[in-house]
Amino acid sequence: MKDATRVIRAGLPPVSQGESFLRGPTFAGPYHLSGDPSGSTYHYGRFHNPTWTAYEQAITELESGSATVVYSSGMAAVAAILGVTLKAGDILVMPSDAYYTARMLANGFFATLGVEVRMAPVAGNAQRAHLQGAKLLWLESPSNPGLDVCDIALLAEAGHAAGALVVVDNTTATCLGQQPLALGADFSISSDTKATTGHSDLILGHVSVGDNSWVDQLRAWRTQMGSVPGPMEVWLAHRSLATLELRLDRQCKNALAVAEFLAFRTEVQGLRYPGLASDPAYPIASGQMKFFGPVVSFALAQHGLAEKFLQSCELVFEATSFGSVHTTAERRARWGGDKVPEGFIRLSVGCEDAEDLIADLEQALDKAHSKG
């Protein structure tokens, strides 16, 4: 079955006369529960919810995994994996250019618990040199916001050979763009806030696994930490999956067209898009990614030029996050934490017409570099 069909059918209930295609969200704290609770699927709203179940089944199918646990945010999912796999004295190998808040959590809370954190860049599979004694190898490919790529299969094999578990942050690529579990990872994690759901209207995350032995621990973490998602958000996410292939196809074609346009602008520096044949990530990305993602990154020479460019865009919303049907961008250095130039811009390309977007970017770049 092709992806365009799978995303529409994933997680739907069996056909039932007079019922809707996708059941509406279940809003429940307690459920009816008499006597021995062991015979009931649902006990209490912090433990489980049928809306979660349907979404988790859908994501499991799309991730080619054995099970999925949904969380209230991408960072809740990050915390769950670190929390169930690591203890004092364990070694975590993580990208030095991974998502900033994930690095903060590892180097902050988990380091204070006694976890040793070793860091190396995504590019060049540099983490492979730091695996001796590691308990968990954390990969992020493409990286956010730099868009470097690592060889997931090679590093997963190396990690396992060293006795480490392997997790891939697959947020930028999504489960249709890249299949970490099929490439050898133990965990595939995503902030579904971004391209997976793609409408800038919810916060959500998930962890998919290839081995069911981790599911009970991941669910127990969710229950005990209270990192539970709202049923409305999960239902909206499931509904949004039906257009994931359509959205990604349009976004990635647009992103490539935008990157090709930017490649000919002399004021653009450090252009990165894994789908560009000239990009240093392309040889690896083309072998392990079906979609190259919606994010393009580049820099302008100065802070002020980047700000003027963003202010001059008419079709680009200035906002953090990425993966939406709406094209968004931000000067990423305004937050700190990432080693990027002051004029660095993360551009998330949406589903608008590519010619309109390019025309808008062209006039904004012209205005930014005008003397007026």
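A few notes on this one:
Every residue, every condition in (1) surrounded by fewer than 19 Cβ atoms within 10 Å (Cβ to Cβ); (2) in a helix (DSSP H, G or I); (3) basic (K, R), yes or no:
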site	(1), (2), (3)
T171	no, no, no
Q179	no, no, no
G184	yes, no, no
K194	no, no, yes
S200	yes, no, no
Q217	yes, yes, no
R222	no, yes, yes
W235	no, yes, no
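- Those residues of the range 243-270 which are part of a helix (DSSP H, G or I) and of a type in the set (D, E), in sequence order: E245, D249, E260
- Filtered residue count, the range 248-261, keeping only those that are among the hydrophobic types (A, V, I, L, M, F, W, C) and surrounded by fewer than 21 Cβ atoms within 10 Å (Cβ to Cβ): 3
- Number of positions in the range 119-153 that are over 21 Å from F291 (Cβ atoms) and either assigned by TED's automatic domain parsing to the domain that holds R272 or assigned to a helix (DSSP H, G or I) (or both): 7
- Neighbours by Cβ (under 7 Å, 6+ apart or cross-chain): first from the range 352-372, in the same structural domain as K253 (by TED's automatic domain parsing); second of a type in the set (V, I, T) and part of a helix (DSSP H, G or I): L357/V258; I358/V258; L361/V258
- Scanning the range 317-372 for residues that are of a type in the set (S, T, Y) and either buried (at least 18 other Cβ atoms within 10 Å of the Cβ) or closer than 21 Å to T266 by Cα (or both) yields S324, T327, T328, S348, S370.
- Residue in the range 116-133 that is within 26 Å of V340 (Cα to Cα) and of a type in the set (K, R) present: yes
- From the list G89, G83, G65, the lone residue that is over 18 Å from H238 (Cβ atoms), of a type in the set (G, A, S) and outside any helix (DSSP H, G or I) is G89.
- Criterion violated by A301 - all others in (1) over 21 Å from V168 (Cα atoms); (2) touching a residue at least 40 places away in the same chain (Cβ under 8 Å); (3) part of a helix (DSSP H, G or I); (4) not β-branched (V, I, T) satisfied: (3)
- Scanning the range 336-372 for residues that are within 19 Å of the chain's Cα centre (by Cα) and not aliphatic (A, V, I, L, M) yields G337, D338, R346, S348, G350, C351.
- In summary, R272 fulfils each of the numbered conditions (1) under 17 Å from the mean Cα position of the chain (by Cα); (2) basic (K, R); (3) within 16 Å of E260 (Cβ to Cβ) with the single exception of condition (1).
- Of all residues assigned to the range 33-44, none qualifies as being under 25 Å from the mean Cα position of the chain (by Cα) and among the acidic types (D, E).
- Counting the residues of the range 2-23 that are part of a loop (DSSP other than H, G, I, E, B) and under 24 Å from the mean Cα position of the chain (by Cα) gives 4.
- In the set (1) under 16 Å from the mean Cα position of the chain (by Cα); (2) under 18 Å from P294 (Cβ atoms), V209 fails one condition alone, (2).
Conditions (1) exposed (fewer than 14 other Cβ atoms within 10 Å of the Cβ); (2) under 24 Å from F187 (Cα atoms); (3) in contact with a Ser or Thr (Cβ under 7 Å, 6 or more places away or on another chain), marked per residue:
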| residue | (1), (2), (3) |
| --- | --- |
| G18 | yes, no, no |
| S34 | yes, no, no |
| Y42 | no, no, no |
| P50 | no, yes, yes |
| A67 | no, yes, yes |
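- Taken residue by residue, the range 307-316 has no member that is buried (at least 21 other Cβ atoms within 10 Å of the Cβ), of a type in the set (D, E, K, R) and part of a helix (DSSP H, G or I).
- Within the range 202-215, the only residue that satisfies the criterion of being out of contact with any strand residue (DSSP E or B) (no Cβ under 7 Å at 6 or more places or on another chain), in a helix (DSSP H, G or I) and over 12 Å from I81 (Cα atoms) is S213.
The values are calculated or read from the model by the stated rules, or taken from the named source; none is laboratory data. Note that this is a predicted model, so its numbers are computed, not measured. Counting neighbours? That spans all protein chains shown, and the Cβs are built from the backbone with ideal geometry, glycine included.
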